[in-house]
Amino acid sequence: MMQSEAWLGYSIAGVIATSVLWVVQRRRWAPVARLIIVLLLLVPGLFFAYFEYGPHTLGEEVGAVAWYDLSPWRESLSFGLMLLGMVARYFTQAIELRRAKIERLSNDGKPFDKPKLEFDAWEFAYPFFISMITYGALAAQMDDAKLKIATITLCFQCGFFWQTILGAKQKATGVENEGRQQS
């Protein structure tokens, strides 16, 4: 895909992703129907990507760029890894809270059942609402870097430490994060 036509790929990917999310949220539809519709949406997207970027075989030309280093794949993968880091941070915080509860209960000296991990959908979704701000900081650091272990780690790390990045952005703009604790 030529650079001037990159917007088309982003547009198609955006429409497919939005459609998939809309279908997944239809709770009144039967799960099997939702799965079939999602597959019907994803298959044309995969065909588009395959035919647009071509098959990748062993023995490509010397100096050829790997598919994951081409736009929009590089950006999509880095954004996905950043979101994965945000998910990991949510669960590590939930585990830390559970450990604190277990310690508090064990200090009481009474027998107790171990508490389960608590899942709050809004607290889980909160980092995703500001993910574009965090991704802006990540994209500025990555520039046009190829995806290597260091950049993959950076993507995950930016997601994991999203609160720190958001705090730095807020200090730079003078906006305070009222009612939220920074960790």
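In the set (1) at pLDDT below 85; (2) more than 14 Å from Gln93 (Cβ to Cβ), the condition left unmet by Ala150 is number (1).
Among the residues of region 138-159, those identified as closer than 18 Å to Val87 by Cα and either loosely packed, with under 12 Cβ neighbours inside 10 Å or of a type in the set (A, V, I, L, M) (or both) are Leu138, Ile152, Leu154. Number of residues in region 9-25 that are closer than 22 Å to Leu70 by Cα and of a type in the set (Val, Ile, Thr) equals 3.
Out of Phe124, Phe119, Phe112, Phe129, one residue alone is aromatic (Phe, Trp, Tyr) and closer than 30 Å to Trp67 by Cα. It is Phe129. Only one residue in Ser78, Ser106, Ser183 is of a type in the set (Ser, Thr, Tyr), at pLDDT 85 or above and more than 30 Å from Ala13 (Cβ to Cβ). Which one? Selected residue: Ser106, the only one of Ser78, Ser106, Ser183 that is of a type in the set (Ser, Thr, Tyr), at pLDDT 85 or above and more than 30 Å from Ala13 (Cβ to Cβ). Residues in region 118-131 that are of a type outside the set (Gly, Ala, Ser), surrounded by 10 or more Cβ atoms within 10 Å (Cβ to Cβ) and at pLDDT 85 or above: Glu118, Phe119, Asp120, Glu123, Phe124, Tyr126, Pro127, Phe128.
List the number of the failed condition for Ser71; all other conditions in (1) modelled with pLDDT of 85 or more; (2) among the polar types (S, T, N, Q); (3) assigned by TED's automatic domain parsing to the domain that holds Gln157 hold. Of everything listed in (1) modelled with pLDDT of 85 or more; (2) among the polar types (S, T, N, Q); (3) assigned by TED's automatic domain parsing to the domain that holds Gln157, Ser71 misses just condition (1).
The values are calculated or read from the model by the stated rules, or taken from the named source; none is laboratory data. Source: prediction; values computed, not measured. Glycine gets a Cβ as well: all are built from the backbone with ideal geometry, and neighbour counts include every protein chain shown.
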